Structure formats: C-alpha cells, structure tokens
Amino acid sequence: MSNELLQFVLFLVAVSAGWLAGYWYRPRTENKDADASSSYYKGLNYLLSEQPDAAVMTVINELPVNLETLPTHLALGNLMRTKGEVDGAIRIHQNLLSRPSLPRGKLHQVHLELARDYISAGVLDRAERLLKDVVDESEVLRGDALEHLQHIYQSEREWEQAIAVALRRLPPRNWLKKAPAGRGDRRIECALSHFYCEKAQKFLAEHNFKDANTVLQSARQYDRDNVRAYMLSATIALKQHKPELALDLLHTVVDRQAVFSSEVLPLFREAFDSFGGREAYLDALQRIAKMTESSAFFIEAAELMRAKGDANSALQYLLTATRQRPTLGLVSTVLDQPEAGTGPALELVHDIVLKLRAERPSYRCRQCGFSGRKLHWLCPSCEQWGTITPIRGTQGD
C-alpha cells in the first residue's frame, strides 16, 4: 500500500472516530439539558398556575443541584418571592444550602437570597444572622448584605446599629480634601444624616439638649442641606432661650432650601415672638416672601398688617402677590378678606378653591412621585430619606 493511500485511510479513520464520539456524546448532553429544562418549565408552569407547593416539590425533587442548574434554582426562588410565595422561596433556598457540594462563594449567594426571603416574610432576626455571616465571609457580597442590614435596623428603629452599618458602607473620608460623593454614597450620607436626626429627636424628648446638639452636628456634617437637622437645632435653641441662634439656623434653611420656607414659618414666628417686635417681624416676613415667593410668608405678612389695623394694605399686598405668583392658598386668602366683597358667585368661587386645596397633595417625592398631605422625612413608597419636598406652583406653597 502506498504511503499516500495509507495516510488517506488513517485520516478517514480519525474523522470517523471523531464523528462517532461526537454523535454518542451529544445525545447524552442534550438529554441532560432537556431533563433540566423540562423540570424548570414544569415548575414554572405550576407556579404560574397558582400551584406553588407543586412547583417547589418539582424543583426540589426533579431538578439536580449543581453549578449549571444553580441559576435556575435561584431564578425560581426569586420569582416565587416576587409573587408573594415566600414560604416556597425559603424551601428552595434551604434545599440549596443542604447541598455541601456547592462552592463556598455560591453558598454565600444562597445565604443572601434566603435572607431576602426572611426580610419579605418579616422574620428579621433570622435575616440579620444570615446577613452578618455574609458580611464577615464574602467580600464580593458584603455591600449588598450591609445594605439589607441597614434596612433592617432602620425598620426596627435601631439607630445606633443603622449608623454603624451606614458608616461601614461609606468609603474612607479625607476631611482635608473631600472628593465629590457618588450618587450611591450621597444616598448613604443622606440616610446617615437622618439617623442622627432620629437620635436627636429621642434626646430632645428627654430634654437632653447637649447630646441632641452633638448628634445634630454630625447630621449636618454628612448632609449640609438636611432641613430637618437645622429645624431640630432651631427648636433646641428656642428651648434654650436663644432666639438669635434659632433665626440664624432658620435663615440657613431659607437660603439653601427655599422650597421648605413654609415649613420653618412656625419656628420663625416663635423666634420673633421672643423679641416682641412686630415691625421687625413684618420686615423679615416681607424680605423672605420676596426672596422665596412663598405663599405662606405672603399670607403671614398680610395677616400681621391686618392685625395692625391696616386691612386695605393687607388686601393690596395679597393682590400683588397673587398676580405675581397665583396659588390656591393666596387666592383663597384673598377671597377670605372682607374687603374683597361678597355675593353668591364669589362665595361659590371661594368654596371651589377651598375644595381644590383640600383635595390636592402638599408634598411629593422627587424620587418615586409619591404624594400626600403630610411631610415624611422617609418616603413611605420608595423608602428613600429626604426625597419628599413641599409642592411648589399654583397647587402648592
């Protein structure tokens, strides 16, 4: 046999052997994948058919646990938690933890998912223990675990622990040369500032003004625009008979966050009451009203004019303000003035305006759009701190 023919035969045998090996290997892999896919879709079908127990048993009994199927287990567990079937999600994730064959890093991921299940179920003590383990053992998942821990302590109003966790989430700070905070860090700093405010409110209720002022300094340090911190500090200053300090703090709010002008007005009034000078108070009201265009300050200044016996000037002042920036509050106040006149038509307009004011929200979250008639420092919807502000415009202040 010639060398050329021998080489051709050997080549043909090699190709045939490779083809046969591929042929016999391919069906086994496909069958294995088909079995896993079948179990996945079977469990998904049970879940979508409102049969969560059957879905869980299908996943646990028919779907093997290995690195290839782990994402499927986690996806179904997360889907069950999203649909409110938390018990089923817990069983799926606990089944994964009973398999020591999984690598340590993957087990940490399962721990985190199980902690999320417990948070959804309201079993916060178990979630806390799991999250602490993840924080101690997994550098990759530490950030996520700390975020969930902060949420738990915030929900339980454990402010010391919440502060400690928030501080761990922040990068080291260089107070001599502070770099601009990223959006994520900014949110943590804002939350941290409000945690200090929560502690301050507790001290304030106990008349412990010294410790309250100390934590409020920290609150302003982490968020220099935190209106709540300045208002609490002004409240303490008034209780300590320091109206000048209170006014300085309130002016800071007006300068930095003019949208909150109406919120500081009661404290502003209380501070000036300590001086007893109505002329100075009226002058301050008019200056702030002109600077912020706050309806509350315009109305307060007009009421002070009327109290002094100058009703006509009060009406003209309100009319000018309303033409400049018409709001439901200013319009209803103008209609309330006796000098505005009377009559069925005017009374009807007045009633409509009052009804519109009563039905309109006064505050809105700039993060998620939640609205209401009460100021929340923590948004009830998106659970972000410091995102709710008074509504400005014709329907607001």
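The values are calculated or read from the model by the stated rules, or taken from the named source; none is laboratory data. Quantities reported herein were computed from a predicted structural model and do not represent experimental measurements. Please note: Cβ atoms are built from the backbone with ideal geometry, for glycine as well, and neighbour counts cover all protein chains shown. Accessible surface areas use protein heavy atoms only, side chains included; no ligands, DNA or RNA. Shrake-Rupley method; radii C 1.70, N 1.55, O 1.52, S 1.80 Å.
Here the condition is being modelled with pLDDT of 90 or more and surrounded by fewer than 18 Cβ atoms within 10 Å (Cβ to Cβ); of G105, G84, it holds for G105 alone. Can we say A205 is open to solvent by 10 Å² or more (accessible area, probe 1.4 Å), of a type in the set (A, V, I, L, M) and not assigned by TED's automatic domain parsing to the domain that holds H151? Criteria met by A205. For segment 120-138, give me each residue that is under 19 Å from R157 (Cα atoms) and buried (at least 22 other Cβ atoms within 10 Å of the Cβ). Result: A127, L131. It is to be established whether one or more residues within segment 169-188 are in a helix (DSSP H, G or I), within 24 Å of A89 (Cβ to Cβ), open to solvent by less than 50 Å² (accessible area, probe 1.4 Å) and among the charged types (D, E, K, R). For segment 169-188, residues in a helix (DSSP H, G or I), within 24 Å of A89 (Cβ to Cβ), open to solvent by less than 50 Å² (accessible area, probe 1.4 Å) and among the charged types (D, E, K, R): absent.
For the structure I just gave you, tell me whether R228 is assigned to a helix (DSSP H, G or I) and among the charged types (D, E, K, R).
Details: assigned to a helix (DSSP H, G or I): yes; among the charged types (D, E, K, R): yes.
Yes.
Residues of segment 248-263 include none that is assigned to a helix (DSSP H, G or I) and touching a His at 6+ places or on another chain (Cβ under 9 Å). Residue by residue through segment 92-102, note down the ones that are modelled with pLDDT of 90 or more and out of contact with any His (no Cβ under 9 Å at 6 or more places or on another chain). Q94 - this is the single residue of segment 92-102 that is modelled with pLDDT of 90 or more and out of contact with any His (no Cβ under 9 Å at 6 or more places or on another chain).
The residue that is modelled with the lowest pLDDT, among those in segment 266-309 that are assigned to a loop (DSSP other than H, G, I, E, B), over 21 Å from M231 (Cβ atoms) and open to solvent by less than 70 Å² (accessible area, probe 1.4 Å), is G276. Give the number of residues within segment 107-147 that are over 20 Å from the mean Cα position of the chain (by Cα), in a helix (DSSP H, G or I) and of a type in the set (V, I, T). Looking only at that region, the number is 3. State all residues of segment 248-284 that are of a type in the set (D, E) and touching a residue at least 12 places away in the same chain (Cβ under 8 Å); if no residue qualifies, say none. The answer is E263, E270. Applying the selection to segment 87-102, what residues are in a loop (DSSP other than H, G, I, E, B) and open to solvent by less than 50 Å² (accessible area, probe 1.4 Å)? Correct list: L102 only.
Annotation note: Cβ proximity below 6 Å between a residue of segment 118-146 that is in contact (Cβ under 8 Å) with a residue 12 or more places away in the chain and under 16 Å from V165 (Cβ atoms) and a residue that is surrounded by 15 or more Cβ atoms within 10 Å (Cβ to Cβ) and among the polar types (S, T, N, Q) (sequence gap 6+ or interchain) occurs for no pair.
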